[in-house]
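Below is one structure, written out as structure tokens, with a few remarks after it.
Just so it is clear, none of the values below were taken in a lab; they were calculated from the coordinates. Note that this is a predicted model, so its numbers are computed, not measured. Using ideal geometry, Cβ is built from the backbone for each residue, glycine included, and neighbour counts are taken over all protein chains shown.
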Amino acid sequence: MKKLAALMCGILCVCLLSVPVYAESGGPAITITEGDDESGAIVVGVTGQEPVSTTAETVEGVPYITKVYKLPQGTVISAFTASFEQDGYLFAKHDISQQVQPGQTDSKTVTQTETVETETDKIADIVAAAKPMLPYSEDGYAGQLALDVAAIVVEENGSSTYSYRLEDVREYTNLDRNDAAYIPKTVLKNGVTLQLENIEWVVMGQHPVDGRMVPNLFKAVATYAGTATGSRANGYTATLTYKGEVTKTVPGETVYTIVFRGELLDASGASPDVSEPAPGEQEEKKSGMPLFLLIMIILLAAACFAVAGVRIVQRIRDKRGERDEDFPDYDSFADEVAPAEPVQMDACPIPQKMPKQVYPQDDFSIDELFSEEGFFDD
């Protein structure tokens, strides 16, 4: 009995492990595309753009709606060609055309400055070392800027002091003798006092004395020297100004004309183009897993009833006092050969009335079997 129950449980476990797993999706699959414009450009679509004009007409009983959009060049227009419902019709894209409008050129005057370090403050030297033209490219504008010489500004980068030798040469004429007493010992030049360093005498005239010529007129050349201080710049910063006219080309817009064709929706609001699955397919999708479970439940119930039936028969035999050896396996007699006995042919007996067979009646019922304690323990 226990072996039979274990066999039925094993069969049930194998069936449950072989159950296919079904995954249900919460919605339709989503496909993400990028840059699917006819031109191949990857440009973000303009959201919230209203059409320039919308017209509706009916041709041979079929409604058409035409929408015109003005969009920047390269715009992905997939957002403007999506189907929509209106007045009980489903309108889908039927035709589309585009027309590119010419662009325009914009120009403006631009001023740009640069600073350079230089060792001189002379404008000519600065202009010779600077770039005469400067390229410009910003905010879509492009062009060449020229150096404005009149607008150059030079500033010192600080200064430092230094000392130098200052000299001065002076002449003193019409002196009657070459006497240093006639020469000043100091002179003043550029605010600096110079000291007398040297005197050179030059004869300017002579007169006869005792038959010989004697100098009587002199000129003194005096040299004065001293130490002066000054300041000089450590360097210069020049601010260069460039001016010029730059231009920008603005591309024109693209005019899209989109024609939508309408198809009548059914009473449920579904599109006639959408085909619903066959009833058999839909029922198969919905009941794939529950149908298999129902079959498993039926098999399990049948197994339980079989086990219960075997238990009932066993209990009845126990009540009658029967044993398994009272009912030998008929297969054991298959190998035994019955002895051959001669058959005697007697005269045909006179048929007699067979007595009625009376079977012993059990003193228990089926209800008592199920109420017994331990009936389902095994």
Next on the checklist: Could you give each residue of the range 103-117 its phi-based ³J(HN,Hα) in whole Hz, using Karplus coefficients 6.51, -1.76, 1.60 with θ = phi - 60°, and x for Gly or Pro?
Outcome noted: x, 9, 10, 10, 10, 7, 9, 10, 10, 9, 10, 9, 10, 10, 8
Checklist outcome for this item: Computed over the range 115-164, the Cα gyration tensor eigenvalues, each multiplied by 5 and square-rooted, give semi-axes in Å (largest first) of 32, 12, 8
Next on the checklist: Calculate the FRET efficiency for residue 192 and residue 233 from the Cβ-Cβ distance with a Förster distance of 25 Å, rounded to the nearest 0.05.
Outcome noted: 0.70
Checklist outcome for this item: Length gained, residue 202-residue 110, 0.36 nm per residue minus C-alpha separation, equals 26.0 nm
Checklist outcome for this item: In this structure, the FRET efficiency calculated for residue 141 and residue 86 from their beta-carbon separation, with R0 = 41 Å, to the nearest 0.05, is 0.35
Checklist entry - If you stretched the chain out fully between residue 214 and residue 133, how much longer would it get, using 0.36 nm times the residue separation minus the C-alpha to C-alpha distance? => result 21.5 nm
Item to check | residue 223/residue 152 FRET efficiency (R0 45 Å; Cβ-Cβ; nearest 0.05) | outcome: 0.55
Checklist entry - Extension gain residue 66-residue 121, at 0.36 nm per residue separation less the Cα-Cα distance, in nm? => result 12.6 nm
